[in-house]
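Peer 1: Once you've had a glance at the structure underneath, I'll fire off some questions.
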Amino acid sequence: MTFLLDDEQREFGRTLDRMLGAADIAGAVRAWAVDDTGPGRKVWQRLADLGVFALAVPEEHAGSGFLPVELAVAFVELGRHGVPGPVVETVAATALLRRLGDPAPSARWLPGIAAGGHLVSYADSYGETDDTGGTDATGGDAGGGRGPYALDAHTADTTFVVAGDRLLRATGHGPVQPSLDPARRLARPAYGGEVLASGPAVRAASRHAVDVAAFLTAAQALGAGRRLLADTVTYVRQRKQFGVAVGSFQAVR
């Protein structure tokens, strides 16, 4: 068994690297931080045109099937270039819809995701109670529970929430929280919402979606780490102390 990428997968990564390197990702991130998603959405559309989001979508919904190696290649490059937006959440939600066994939600959402025109945020394990004993969104108590945050809930087109054995489409969100990274902000999805599916299949699909999210987050982190290392090596080769490059007498650890 070989774990090396083949030539086509390597070229796919190089193509994404070139495209993202030529785009003004820093400008898109700055705009995203002030809720101007236009530049970031243009990047998303270019990624979709290269087939990135279709990699998690079944062929019957205008996708390529589920190709985890190619997704990893893509998300390494997304992490390397710091692409803004709920990219992991969108693909995790796609994975959840694929596993539901209910064709209606997939037909409704997946073609738009594959085409790059639909950004999805995602929150899981919303079925908790608060410290006062009140019920959460699924119980309908306005005093409500403390569900998880969703990334970019205020800018995503849709936020999916798994609450117990139900999948809901949130109708809004709570206050957007400040962050050390202003381009990555969190908000709790609003209580209630449209029920898209229910039953044991939702929880099983949710577990799969969380696994996919962890996998893609790891790929993103690998890409970010590689970028940080490369930039640091470049810096110590250029930065001078005592009249010589720092890299001539110090190592990057």
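Bear in mind that the values in this text are calculations on the coordinates, not laboratory data. Quantities reported herein were computed from a predicted structural model and do not represent experimental measurements. Glycine gets a Cβ as well: all are built from the backbone with ideal geometry, and neighbour counts include every protein chain shown.
Peer 1: What ranking, highest mean first, results for peptides 62-75, 24-37 when packing means the other Cβ atoms within 10 Å averaged over each residue?
Peer 2: Final packing ranking: 62-75, 24-37.
Peer 1: Now for a separate question. At q = 0.09, 0.17 Å⁻¹, what is the base-10 log of I(q)/I(0) for segment 1-130 according to the Debye formula with one equal point scatterer per Cα and no solvent? Please give it to two decimals.
Peer 2: For the requested q values the scattering log ratios are -0.28, -0.92.
Peer 1: Taking the Cβ of residue 181 as the center, what net charge do the other residues with Cβ under 14 Å away carry, scoring Lys and Arg +1 and Asp and Glu -1?
Peer 2: Within the 14 Å Cβ shell, the charges total +2.
Peer 1: Kindly provide the Kirkwood hydrodynamic radius of segment 28-93 in Å, to one decimal, from all pairs of distinct alpha carbon atoms.
Peer 2: Evaluated on segment 28-93, it is 12.4 Å.
Peer 1: Next question, about the same structure. What net charge do the residues around residue 15 carry, taking every other residue with its C-beta under 15 Å from that of residue 15, with Lys and Arg at +1 and Asp and Glu at -1?
Peer 2: Here the charged neighbours net out to -3.
Peer 1: Sorting check: for 207-214, 11-18, 84-91, which peptide has the highest mean count of neighbouring beta carbons within 10 Å, and how do the rest follow?
Peer 2: 84-91, 207-214, 11-18
Peer 1: Given 10 Å bins starting at zero, what is the percent of C-alpha pairs of the chain in each, up to the one with the largest pair distance?
Peer 2: Bins of 10 Å from zero give 7, 28, 32, 20, 9, 4, 1 percent of pairs.
Peer 1: Could you sort the peptides 193-204, 176-187 by per-residue average Cβ neighbour count (10 Å cutoff), highest mean leading?
Peer 2: 193-204, 176-187
Peer 1: Something else about it: I want the local charge near residue 27. Using Cβ-Cβ distances under 15 Å, sum +1 for each Lys or Arg and -1 for each Asp or Glu among the other residues.
Peer 2: +1
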